[in-house]
Amino acid sequence: MLASLATEYAVADRMEESNAWRHPVDVVAIVEDTFDRLPEAMDGGAAIAWGPEWEVLLGDDPQAIADRLLQAIRAGGTPEGVAGIVVRAAAIRIARFHTSNEFGDWDTALHTFTFANAVHQGLRRSPSRELVRGIFDAAMSVYLDRFLNVPAARLPDAEGSGEPTELLESLPELLDHQQQVNEAGALVASYLAAGGEPGPLQAAVGAALLREDRDFHTIQCVEAAFRQFELTGDRIFLIAAARYLAAHVPTVRAQNQTFHIARRLHRGERLYEDDDA
């Protein structure tokens, strides 16, 4: 597996080499300065949670973002906990992604979210001082994605409306139509606020994903969102997953036919006979 990555590493571009990371603000200089100050800050071990003070991560001041994260680590926040805060900020970019943006920009927000999730999961499984740097890279990517929330889509109300079972049953039909992005997010919020259990909702979103001609990005988004929800119980992740999925459906749904053919072949059935024969 490692050998297959050699070419990708050799020809890959680093985001730090892109113009957006250098102009009009030299974000690279900010993170490199932070890296120099990081070793003396890493002596804590306290959990950390999202609060109003973390809104700075969604702001337009990259220096303030880096300083806030460094302050949290210096004050005793665990790298894993601080990384989790950055993942939530990245999920908000998707949850508040406005449909007036270009369609391809969904993936810009997605890449930040999945990268932030990868850093967080890495710190949970195999923490290291080197990997902590990824927290700041992810936070700067959240900063650079700020234009995707201008204007920002309004987050769905947390008040429940409707019966959970009926809401869940309406999800497949909703996703039979294009660009039901805000509607999908509102359905998820209403379902959870009405007391619906997360498990059936996740199963319904997973089933909706599987019936489509899904691509790697859509699978990434749903998987990362589910994993983060299981860790935090924060509905923002499920809203983000539903909105991203809704933006990319319906597809031709041709993969299901391929699976159906494969299943018939596996059973030894003959494919070219009329069903009525």
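The values are calculated or read from the model by the stated rules, or taken from the named source; none is laboratory data. Every value quoted in this text rests on a predicted model; they were computed, and no experiment measured them. Don't worry about glycine lacking a Cβ; one is built from the backbone with ideal geometry, like all the others, and counts go over all protein chains shown.
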| remark: Checked against (1) without any contact (Cβ under 8 Å) to a residue 60 or more places away in the chain; (2) closer than 21 Å to A118 by Cβ; (3) surrounded by fewer than 20 Cβ atoms within 10 Å (Cβ to Cβ); (4) not β-branched (V, I, T), Q220 satisfies every condition except (1)
| query | Out of region 12-27, which residues are under 20 Å from A89 (Cα atoms) and at pLDDT 85 or above? | reply | A20, W21, V27
| remark: Scanning region 28-43 for residues that are among the aliphatic types (A, V, I, L, M), at pLDDT below 90 and part of a helix (DSSP H, G or I) gives A41
| request: Look at region 131-186 and say how many of its residues are within 17 Å of the chain's Cα centre (by Cα), in a loop (DSSP other than H, G, I, E, B) and surrounded by fewer than 19 Cβ atoms within 10 Å (Cβ to Cβ). | output: 2
| message | If the requirement is being more than 27 Å from S100 (Cα to Cα), aliphatic (A, V, I, L, M) and touching a Gly at 6+ places or on another chain (Cβ under 7 Å), which of these qualifies: L131, L123? | response | L131
| Which pairs have Cβ atoms under 9 Å, sit 6 or more apart or on different chains, and link a residue in region 50-68 that is of a type in the set (K, R) to one that is surrounded by 15 or more Cβ atoms within 10 Å (Cβ to Cβ)? | R68/W54; R68/V56; R68/L57; R68/A139
| Looking at S190, is it without any contact (Cβ under 8 Å) to a residue 40 or more places away in the chain, part of a helix (DSSP H, G or I) and on the phi < 0 side of the Ramachandran plot? | yes
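In region 94-106, what residues are touching a residue at least 24 places away in the same chain (Cβ under 8 Å) and more than 13 Å from A241 (Cβ to Cβ)?
Step one: of region 94-106, the residues touching a residue at least 24 places away in the same chain (Cβ under 8 Å) are 94-101, 103, 105-106.
Those that are touching a residue at least 24 places away in the same chain (Cβ under 8 Å) and more than 13 Å from A241 (Cβ to Cβ): R96, H98, T99, S100, N101, F103, D105.
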| query | What is the number of the single condition among (1) in the same structural domain as T78 (by TED's automatic domain parsing); (2) touching a Lys or Arg at 6+ places or on another chain (Cβ under 9 Å); (3) part of a loop (DSSP other than H, G, I, E, B) that Q121 does not meet? | reply | (3)
| Of the criteria (1) farther than 18 Å from F97 by Cβ; (2) assigned to a helix (DSSP H, G or I), which one V252 fails | (2)
